[in-house]
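Comments concern the structure below.
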Amino acid sequence: MSDMPTGLIRRNASYSLRRRIPLDLIATYKGRKEIVRALGTKDREEAKRLHAEAWVALDREFASARQTAGPDPAPPPTPEVGMREKIRQILAANAGKPRPLLTPDEATYQVEQAELSFRECFEEEARYEQREFARLKLLAVLNVADPDILSEEQMALRDLLSDAKWDLEQTKAQLTSAENRSAPLDAPGPAPVATASVSQTSTLKDVIDRWARERQPTDKTVRAHISVIDWFIARTGVDRADMVEPNHVQHFKRTLISEGTSAPNIKTKLSRLRTIMSFAEQEGTITTNPAKDVQAPPSKSGKARLPWSTNDLNALFAGEVHAAGARPVRGKGEAAYWLPILGLFTGARREELGQLRHSDIVQVPYDDDGTDKVAWHIKIGQDAQGRNRLKTASSERMVPLHPKIIDLGFLRYVDTRGTDELLFDLKPNRDGRLTEKWGEWFREYRRACGITDPRVDFHSFRHTFKDFCRESGIEEGVQRQMMGHSARDVADGYGNGFSTLAMVKAISRYRIPRLKLASPPQPNTSLISS
């Protein structure tokens, strides 16, 4: 149980006193219902001492206020008395208005219902006060800088709060725009005061609203820039564009470094901040861009991503999904099993695999020295309805299925899906991406399997595929065609690429030495987890 004294609260790491004003003194305090006073300390024990002194000082202040009000102040009304007085005022205000006659029982019932309603209001207010500490704890959790330490539920709650904040800002901007359109152009009025105009239009939030309306970026891009502005304000305390100086931007960068933010992430944040400040400069809100010359720290040596080692692959495939038949809810059932295998044996991107449909698994005929044959392929590209995403034009391709994928029963699984149905039970996020949330689950799952290096992720399967293609003696041009890489030079762009026969023979040579990937167990519903 917390030993926090009643009325001692913590805001932004500093402590304050919060105390209700007695009901009989609310009028004296001009309608205010509570007093909040900063104690000026971040130390818990010092705050408790100052709180006790301030509480006694408020007792004296309240006593003095009662003496000033009169020698015999009325006693504070109880909730019941207060409710009855409020009912009396309502009845007096409605006196003389026509209303149906009530029987004594009906009148008693209405009074009881009114008392119940007011009592519930008092009780709800009390419960709100009791939740103060819980709210502060929740805010402390949601304000952490590193999202990797948050649970999926906490991240989802942070998403909801961010969405609500964005919706509110958009609604306010739309309301302001509507008011401006409805105002008469020749409406008389006093000339605007320059300082007032600056304070109303030069906040960073105002600037980013105008930037979003004028430049029309995607919703995802807008949210990303708003997030950076929120980070900047939280770490510098500066929320007006005309008050931002280069030293504030430098402080922001140093704070990000001290918090362990990666160099590429810092570079991205500074770039987004620079974009907003550049817009403010172009529109005349500020004279120079204070973020223009602030450079991100150099990236540490080493690769941003690493391929999966055979040991890591064996650890992954020894996990509960592939070895015990578990089908986690957040892993979206069969997607948890098949997406890593498809990534390893095709080198395809996560989103390319997540958007596959039954109709994308096709047989392609080819000629093998005069013999007609067919081979199963994955068709990656746009469908007739234009529902799929492609990174580049060269991403559209046919990838032959490796025999191992067929041996594991992939085609049997495909047959369980409808002709125009997605192969996996994935739902798009707000930006239309099917595998974004699944990727968050996979990141946690691979850690649970013992693969903790953040440089080894799903995209690393492409690096792994590339490495084992090379070790299997597969020609570079065939590798690029399978992976959907663009041509290296003009000559590579001539013709239709490598034949189906060349692709099928190449994939049949693809080997991963010492890989332990057994036939899939029957899905075990008792192991379905979150």
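For region 353-380 and region 43-68, write down the distance between their C-alpha centroids in whole Å.
80 Å
What is the Cα coordinate range of region 233-312 on the first, second and third principal axes, sorted by size from largest, in whole angstrom?
Projected onto its principal axes, the Cα set of region 233-312 covers 57, 23, 17 Å.
Among the listed pairs K404/K466; K42/K269; K404/K505; K437/K466; K427/K466; K379/K404, which are separated by more than 23 Å between their Cα atoms?
K42/K269; K437/K466; K427/K466
Quick one: which residues, 5 or more positions from R240 or on another chain, have an amide H under 5 Å from its amide H? H modelled 1.01 Å from N in the peptide plane, none for Pro or chain starts.
Counting only residues 5 or more places away or on other chains, the set is L204.
Translational diffusion coefficient of region 197-282 at 25 °C, 0.890 mPa s, Stokes-Einstein with Kirkwood Rh over Cα pairs, in µm²/s as a whole number.
Once the numbers are plugged in, D ends up at 187 µm²/s.
Could I get the Rg over Rh figure for region 269-389? Both from C-alpha atoms, Rh via Kirkwood, rounded to two places. Mind dumping the intermediate values first?
Values: Rg = 23.8 Å, Rh = 19.8 Å.
Ratio of gyration radius to Kirkwood radius: 1.20.
Each residue of region 212-219 in order: what ³J(HN,Hα) in whole Hz does its phi give by Karplus 6.51 cos²θ - 1.76 cosθ + 1.60, θ = phi - 60°, with x for Gly and Pro?
5, 5, 7, 8, 6, x, 5, 4
Mean 1/r over all different Cα pairs, inverted: what Kirkwood radius does region 310-527 give, in Å? Provide the component values of the computation, followed by the final result.
Details: mean 1/r = 0.0552 Å⁻¹.
Value: 18.1 Å, from the Cα pair sum.
Read-outs throughout are calculated quantities, based only on the coordinates presented, and are distinct from any laboratory measurement. These numbers were taken from a predicted model, which means no experiment stands behind them.
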